[in-house]
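A quick write-up on the structure given underneath.
Derivation of every value follows stated rules applied to the coordinates shown; laboratory data play no part. Everything numeric here is computed off the predicted structure, so don't read it as measured data. So basically every Cβ, Gly included, is an ideal-geometry build from the backbone, and we count neighbours across all protein chains shown.
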């Protein structure tokens, strides 16, 4: 019987299955960070349990670390306790840790692939919803709660029920100025934040095939914003090239064996999907969000929508609430929205290609007087690479702050936050109320659009920046 | 984990769709290394103003809802992050049961790992329940029989039998899975042969 990519990975990881479909699924790779793991390790201690396969787990502090100089330690008491706790837990249970001042430290979903810890065909979990990012390499990757983190540490497995198969085909050719961020925003805007609930989404089609692996990561990263358990993209030659020679990638004979296996990771020709959705890549424009849900998208050339035109009563109420929170009026031009802050970074858009693209647009220009702007590279290695290429200088000369790696203002757990009513063009993934700081107003955009907003001081069309 | 069987409570209703985990428990409270103590910060930005004062009009700040053990909310409840701090905060506040037309996937699973019952009901029925909740009378939830009683009405709800069993018996998932060690060991042996690079 023909199988989807998801079916193949799922079947390959069955340890045990009950008659009702409840499955014990093997976990090949487990990523751990400081915020969602302390209670899991504490649970192990209380029960006198061990970590079953410590070598399959990799830990890094990223969520609450400061992005200012941290060679002298972390000032915030609570953040320090969490990072210290992670350090102690890793030591006690024998887990590999990239500590705060390690060059390899960075956002968990950036360092996994960067090190070759992430690999095609594996099941990867982490106590973070954006674990879906790793699906860009053809791995089944999803976020779990802390109780499940504890379960994985103790058993190297997870109790799961299989999701349904959804394929999103993006065909055609995306216009100049449109990036994978716009593609995924378009998809979420089309199917809604619960459109993927109950499914694993496979992204396919010309547009996806033509993206670089880093651009694909942006797509899978935001799959969770459409409610799906995971996002998947079949590995191809670009994927193989990406992994060759990475520190934790298979070597020698094992590399050859792995490649043979990875080449089988695609949905069979006649595989059955429970649902398929078509998106025309030719019609995607640079997008921004206007509201407090990632599905609230509009082309940069468009207008803030009028809730009165919405028929669904709950949706109408949600739109009014969003507009009030965001301080926007129905039918105002998106490009008339003035911004105060610019944030480039996060597991969505904090990789070297994102920084290169932004720097290319920014070169020789200055940020507008009314904005303050920051770049937070996704990892120490991304930062180093960017500095070798002189990208840091372009940002600094333009007026951006050049920071240390971490999750930063994507979720505002450290001091990188918006003040009440401050408005931000952000390359992150969530525009929820209070996400980047209480009362803060987030507009999700691509790195190029963030640069355009930085230069003009308003949400602006990247296609108008030379 | 605490067992769940029957529950009687006056339900509190928050009339919003897409209530996300950032609303349920904002980021600043994720710095804890404990599971407890989050109840006072549940729905923080809706419950307290910027100076930390209680916002009177928010439902959970008012009797009898400040003691509600059942929460009724709009669809796609719990969307956003995987933070288990969200169910921990609900539980610490006293919420043991949520009623919504739909939930986000990770949040839904997290509930079952914390003895919280998330019930899915049709929007129409929920509307009826909401109207009933306005008279501040108790409703009753029975997991064993999969029924919700309010006034003289009774409605049934669906739930995955395995998840139901775990809640009813308060089972420790890890303990159960550790009983499958022989299967795990066999899988790992095969894995080593078939995929030596893992």
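Quick look at the values:
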quantity	calculated
In region A:305-323, the residues that are under 21 Å from residue A:337 (Cα atoms), within 14 Å of chain B (Cβ to nearest Cβ) and loosely packed, with under 15 Cβ neighbours inside 10 Å	A:320
Residues of region A:82-108 satisfying the condition of being buried (at least 16 other Cβ atoms within 10 Å of the Cβ), assigned to a helix (DSSP H, G or I) and either touching a helix residue (DSSP H, G or I) at 6+ places or on another chain (Cβ under 9 Å) or away from chain B (no Cβ under 13 Å) (or both)	A:82, A:85, A:86, A:89, A:90, A:93, A:108
Failed item, numbered, when residue B:75 is tested on (1) at the interface with chain A (Cβ under 9 Å from one of its Cβ atoms); (2) touching a strand residue (DSSP E or B) at 6+ places or on another chain (Cβ under 7 Å); (3) within 19 Å of residue A:434 (Cα to Cα)	(3)
Residue under evaluation residue B:29, criteria (1) buried (at least 21 other Cβ atoms within 10 Å of the Cβ); (2) within 11 Å of chain A (Cβ to nearest Cβ); (3) touching a residue at least 60 places away in the same chain (Cβ under 8 Å), criterion not met	(1)
Single condition residue B:66 does not satisfy, out of (1) more than 11 Å from chain A (Cβ to nearest Cβ); (2) closer than 30 Å to residue A:131 by Cβ; (3) part of a helix (DSSP H, G or I)	(2)
Top-ranked residue of region B:49-61 - restricted to ones that are assigned to a loop (DSSP other than H, G, I, E, B) and more than 21 Å from the chain's Cα centre (by Cα), ranked as surrounded by the most Cβ atoms within 10 Å (Cβ to Cβ)	B:55
Some residue of region A:11-23 being buried (at least 21 other Cβ atoms within 10 Å of the Cβ) and under 30 Å from residue A:272 (Cβ atoms)	yes
Selected residue (criterion: nearest to the other protein chains (Cβ to nearest Cβ)) from residues of region B:166-198 that are surrounded by 13 or more Cβ atoms within 10 Å (Cβ to Cβ) and under 17 Å from residue B:116 (Cβ atoms)	B:173
Every residue from region B:86-103 that is within 14 Å of chain A (Cβ to nearest Cβ) and more than 11 Å from the chain's Cα centre (by Cα)	B:92, B:101, B:102
Lone qualifier among A:406, A:378 - being under 20 Å from the mean Cα position of the chain (by Cα) and within 14 Å of chain B (Cβ to nearest Cβ)	A:406
Region A:285-315: number of residues that are touching a residue at least 12 places away in the same chain (Cβ under 8 Å) and not in a loop (DSSP other than H, G, I, E, B)	9
Residues located in region A:353-371, provided they are free of Cβ contacts under 8 Å to residues at least 60 places away in the same chain and assigned to a helix (DSSP H, G or I)	A:356, A:359, A:360
